[in-house]
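J.: Following this message is one structure expressed as structure tokens.
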């Protein structure tokens, strides 16, 4: 799934349901899922309700509807379990923002956006803190290196800055998920992807820019999985692999956005293929354009 939504196996509640398909059965399954004392044996699989796992840190880490639902529950001092759905228009298409506003007015409902929630949380809390900075010499000249402590997952992320960002209204920016095969060994499984070295070279040429390097905790098999992915299965293509890679960046974009905001970035040219990023304006950021490696 390109947005890296943490789907799990669909379920039905064992007690209080029949086929699981009716609205009352689905409501019973949801109530059972929401109970803190529920166990795996309380459900049959597969079923009609799809549980989703929210990322720790909520919308400040991943700007998704799953995280927004759980954040709202936490802010209301309720059990951190929410129910989400998507509205459909009469023609069968998915309702977009203007459709949802019209629906809310028609039914006298309150409406909020993920951007609203991000703005509220940023006014009251932060999940990453700047903990160190120093100049460093690289093969592409001098950069300033910043370290940020991620209080949600107890990880340290890095940022490389060239030039004076606050005086450049459109600096080049790269939000880069660390990859040992690509960054240390130079292995390029995907020709469409920017490497860390290529991003540093491009920013050094431009005279100013920022590279945010996001680090994620790796399981023992992650490196083996990455090695296996170097030989893609038959029928896969570069575009599909690029979508999976983009999903990896999107699921942690909230962390990178906080770092960019701290560094004074506002409007930027992003070293990446174009992608849709929800809630970016709430961080005070604006994407002016996307820059490909061959540009």
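The values are calculated or read from the model by the stated rules, or taken from the named source; none is laboratory data. The model shown is predicted, which means the values in this text are computed figures rather than measured ones. Here the Cβ positions follow ideal geometry from the backbone for every residue, glycine too, while neighbour counts run over all protein chains shown.
J.: Which ones in segment 36-72 are surrounded by 13 or more Cβ atoms within 10 Å (Cβ to Cβ), free of Cβ contacts under 8 Å to residues at least 24 places away in the same chain and farther than 30 Å from residue 150 by Cα?
T.: 38
J.: Would you mind finding the one in 145, 122 that is surrounded by 15 or more Cβ atoms within 10 Å (Cβ to Cβ), within 13 Å of residue 259 (Cα to Cα) and at pLDDT below 95?
T.: 122
J.: Filter segment 160-175 down to residues that are touching a residue at least 60 places away in the same chain (Cβ under 8 Å) and assigned to a strand (DSSP E or B) and give me whichever is surrounded by the most Cβ atoms within 10 Å (Cβ to Cβ).
T.: The qualifying residue surrounded by the most Cβ atoms within 10 Å (Cβ to Cβ) is 173.
J.: Right, next: How many residues does segment 135-159 contain that are on the phi > 0 side of the Ramachandran plot and free of Cβ contacts under 8 Å to residues at least 60 places away in the same chain?
T.: The number of residues fulfilling the criteria is 1.
J.: Further question: Considering only segment 97-119, state which residues are surrounded by 15 or more Cβ atoms within 10 Å (Cβ to Cβ) and in a loop (DSSP other than H, G, I, E, B).
T.: 113 - this is the single residue of segment 97-119 that is surrounded by 15 or more Cβ atoms within 10 Å (Cβ to Cβ) and in a loop (DSSP other than H, G, I, E, B).
J.: Identify all residues within segment 125-138 that are exposed (fewer than 14 other Cβ atoms within 10 Å of the Cβ), at pLDDT below 95 and either in contact with a strand residue (DSSP E or B) (Cβ under 6 Å, 6 or more places away or on another chain) or over 17 Å from residue 71 (Cα atoms) (or both); write none if there are none.
T.: 129
J.: Here is a follow-up. Does segment 270-279 contain any residue that is at pLDDT below 65 and within 21 Å of residue 158 (Cβ to Cβ)?
T.: no
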